[in-house]
Amino acid sequence: MNILVVDDNKSVRENISKLLTSVGYTITTAVNGLDGFEKAQKESFHLYIIDHLMPLMNGANLTKNLKQTPFCASTPVLFMTTQNKQSVESLPEFTLFNDVITKPLNETKFMSTVKCLLGNVRTKIAL
């Protein structure tokens, strides 16, 4: 399974990459929303893990752009934020996120959420 991790914080990108590669996922990283959007247009992914607040293009705008791109639109989005969930729920793009997780990440909850979202992708592929 191919996952795109978009976060402007290098240590977050590295920690998530290490976690996910340790269980066999293939990871591509992007340093901001614009970088992530460019990479998503060049390669196919099974999951996008997107940070909320980033320079050049924030996570909400990136998600909106991905969902308007036909070959990216059905890929699930795990949205990460340092803000509380209530503030994320008030975003107009909230309905575009498949799940929201807060930082700092709880590794067990994070891995469970990733597996769940990718399990839904596998089910769709099998159909």
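The values are calculated or read from the model by the stated rules, or taken from the named source; none is laboratory data. Only a predicted model underlies this, so the values are computations on that prediction, with no experimental measurement involved. All Cβ positions, glycine included, derive from the backbone under ideal geometry; neighbour counts span all protein chains shown. We work out accessible area using only protein heavy atoms, side chains counted, and drop any ligands, DNA or RNA first. Shrake-Rupley method; radii C 1.70, N 1.55, O 1.52, S 1.80 Å.
Quick one: with all protein chains in place, what share of the accessible area of the chain is carbon or sulfur, to the nearest percent (1.4 Å probe)?
Carbon and sulfur: 52 percent of the exposed surface of the chain.
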Net +/- balance of residues flanking V6 in space, Cβ distance below 9 Å, scoring K and R +1, D and E -1: -2
Helix-only CD estimate at 222 nm, as mean residue ellipticity for the chain, using -39500 (n - 2.57) per DSSP H run (n ≥ 4): -13500 deg cm²/dmol
For the chain: accessible area per residue (Å², 1.4 Å): 52
Whole-number Å³ per residue for the convex hull built on Cα positions in region 20-127: 109
Those lysines that a straight Cα-Cα span of less than 22 Å connects to K115, excepting residues fewer than 8 apart in one chain: K18, K67, K85, K103, K124
Percent RCO, i.e. relative contact order, over the chain, from Cα pairs under 8 Å lying at least 6 residues apart: 21
